[in-house]
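All of the numbers you see were taken from the coordinates with simple rules; none came from a lab. Bear in mind the structure is a predicted one, so any value in this text is a computation, not a measurement. In this analysis, Cβ positions are derived from the backbone assuming ideal geometry, glycine residues included, and neighbour counts consider all displayed protein chains.
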Amino acid sequence: MNIVESNLYKIQLRKITLNIKKDKKTAAVKFAKDLKKQINGILNMPYKYKKSYYHEDENIRDMVFKGYTIIYKIYENHILIVEIFNQNLPTLIDIE
């Protein structure tokens with residue numbers, strides 16, 4: 001099993017890290033590094049995090065990290081990281 005990042009997730013993460021970087025470059029690097037480590041941790045236990053509040057699918061999960069929600073979907077052979085957003089500002093996209 002491997003982790004696949006959606007284009008939406010990549011764009012959102014870039015915006016978040018650029019925003020953090022405005023205040024402190026090292027904080028942005030640490031945020032991205034720590035997030036990557038936490039995401040890689042779901043490979044061992046994909047159902048570790050709660051079923052998504054935003055979707056009615058048992059295979060879609062919400063991981064919370066430093067005030068952000070990371071939505072991911074579990075497939076048979078991979079995990080798709082769908083999006084990341086501030087918990088107060090969900091985008092609520094449709095996941096197929």
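A few points about this structure:
- Of the GluC sites (Glu not before Pro) in region 1-82, the ones in a loop by DSSP (not H, G, I, E or B) with at most 12 other beta carbons within 10 Å are E56, E58, E76.
- Put a plus charge on the Cβ of each Lys and Arg, a minus charge on the Cβ of each Asp and Glu, and nothing anywhere else: the dipole of region 2-86 about its Cα centre is then about 680 debye.
- Segments 62-71, 15-24 sorted - mean Cβ within 10 Å per residue, highest first: 62-71, 15-24
- Taking 7 Å steps out from each Cα toward its Cβ at L43 and A27 produces label points 3.1 nm apart.
- When each of K21/K73; K10/K30; K36/K66; K30/K51; K10/K37 is checked by Cα-Cα distance, pairs over 19 Å: K21/K73; K30/K51
- Residue among I70, Y47, I60 farthest towards the positive dipole end of the chain, charges placed on Cβ: I70
- Here the chain was treated as a single set of alpha-carbon atoms; its pair distances binned every 5 Å from 0 give 3, 13, 25, 26, 18, 9, 4, 1, 0 percent.
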